[in-house]
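Please treat every number below as a calculation from the coordinates, not as lab data. Quick caveat: nothing in here was measured; it's all calculated off a predicted structure. Methodologically, a virtual Cβ is constructed for each residue, glycine included, from the backbone with ideal geometry; neighbour enumeration extends over all protein chains shown.
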């Protein structure tokens, strides 16, 4: 089945550690995105990439890093510089030339700092 | 600076009645609006969208209304069903930006009672 796979679903991190969240899509989409959701809040854009080897900061990029070495993969690293990393992280993808509603989300990854 | 606002954190309706979810925005550059439905610990799923050139769009039980002068949109669900119980997010996109570069509201928790 085509879709977006995020892993792990649940992740615990000790303070001061970097962690990487995986996102893979087999939809042949050009663009990929990372969003963060905090309780009682909407989704906020962290980073996005419209083509391989290129990415842009979103609204809350501080403390995060990404790479886009392959079209189907867009991993997100939560660094120790991120002050409040505990959140629900959502990866998404979309084609670059299409109607406006074609953005697809993965199932999300829960990150908890302990 | 909350550019997309959903001022009602929750809404409770009886099965069979109408559910009306509201959303306000401030950015005049937004020209495309979407509604997503989300269950806990899952990714959002697309419901319905509307372009700024329209003032209404229908899809089955779901209708979205856009009032550009008031910078307000609403989602109507008729008739409401218990399976509609979820968090509903309003999202907006500015013209000329990547399809997935969305600004989300805080969400409204809809509960439909049998």
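Residue separation of residue A:7 and residue A:73 scaled by 0.36 nm, minus their Cα-Cα distance, works out to 22.6 nm of gained length. Among B:104, A:74, sorting on how many other beta-carbon atoms sit within 10 Å of each Cβ, with the fewest leading, yields B:104, A:74. Considering every Cα-Cα pair within chain B, what fraction, in whole percent, is farther apart than 22 Å? Cα-Cα pairs of chain B separated by over 22 Å account for 27 percent. Neighbour counts of other Cβ atoms within 10 Å put A:94, A:73, B:98 in the fewest-to-most order A:73, B:98, A:94.
Remark: relative contact order (the stretch B:2-89) = 33 percent; criterion is Cα-Cα distance under 8 angstrom and separation of 6 or more residues.
Compute the separation of the alpha-carbon centres of the stretch B:1-27 and the stretch B:73-114 and state it in Å as a whole number. Each part's Cα centre sits 8 Å from the other's. Rounded, prolate or oblate: which fits the stretch A:26-66, taking a ≥ b ≥ c as square roots of the Cα gyration tensor eigenvalues, rounded meaning a/c under 1.5, else prolate when a/b beats b/c? Oblate, because a/c is 1.5 or more while a/b does not exceed b/c.
When both bridge partners sit in chain B, DSSP labels roughly 90% of those beta bridges antiparallel.
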